[in-house]
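Below is one structure, written out as structure tokens; comments come after it.
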Amino acid sequence: MAKFLLTLIVAIVVCVSADAQKVSFAINYSSLNDKTGQNYYEVKQVTIVEKETANPEREMMEETAKLRIQGREDAKLYYRSKGIFWGTMGTTILYPAAGLVTGTIVSVVSPSTASAANPNAHLMKEPAYEEAFKKQAHRKRFGNAAAGFGIGVVVLGVVSKVIVGGL
């Protein structure tokens, strides 16, 4: 079973690496018995070469996918949600309901795409890049607001436990 899994993984790796070159390999393993009754495997390698065709629609879809991936990665690296974590945590500690409202409002507001730190800011002209950047930046804002609220609740709980119950 382990040999089978290992050969399956090797075959997948070979196919994935060969796919980038538009060539795929198929390995055929067949079980043979020799005169002693022991099984051994015969390996036959088959090469299949795909025909190269120009498909402008596919190329455009690939370009759009690349722009979306780049937009997500740039938002992860260069988008800074200024003060959302600390603001939500502070208001939660002061008054938990206000912290919840603050976190909700701040996370709903659309993120700004203007960033001096983003070296790919010129790609904001592309709709796919801008959409992916905004979506990932929104996720980052929401995560910071949720983390601020959660930590604020924990701090409030610890402080109230210390005040009410003592150390």
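Every number in this text was worked out from the coordinates using simple rules, so none of it is lab data. Just so you know, these numbers come straight off a predicted model, no measurement behind them. So basically every Cβ, Gly included, is an ideal-geometry build from the backbone, and we count neighbours across all protein chains shown.
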Next item on the list: Looking at (1) surrounded by 14 or more Cβ atoms within 10 Å (Cβ to Cβ); (2) touching a residue at least 12 places away in the same chain (Cβ under 8 Å), find the lone condition where Gly143 falls short.
Entry: (2)
Check: Can you tell me which residues in region 96-129 are outside any helix (DSSP H, G or I), loosely packed, with under 14 Cβ neighbours inside 10 Å and not small (Gly, Ala, Ser)?
Finding: Val109, Pro119
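Within region 64-85, is there a residue that is more than 20 Å from the chain's Cα centre (by Cα), surrounded by fewer than 18 Cβ atoms within 10 Å (Cβ to Cβ) and in a helix (DSSP H, G or I)?
Checked region 64-85: no residue is more than 20 Å from the chain's Cα centre (by Cα), surrounded by fewer than 18 Cβ atoms within 10 Å (Cβ to Cβ) and in a helix (DSSP H, G or I).
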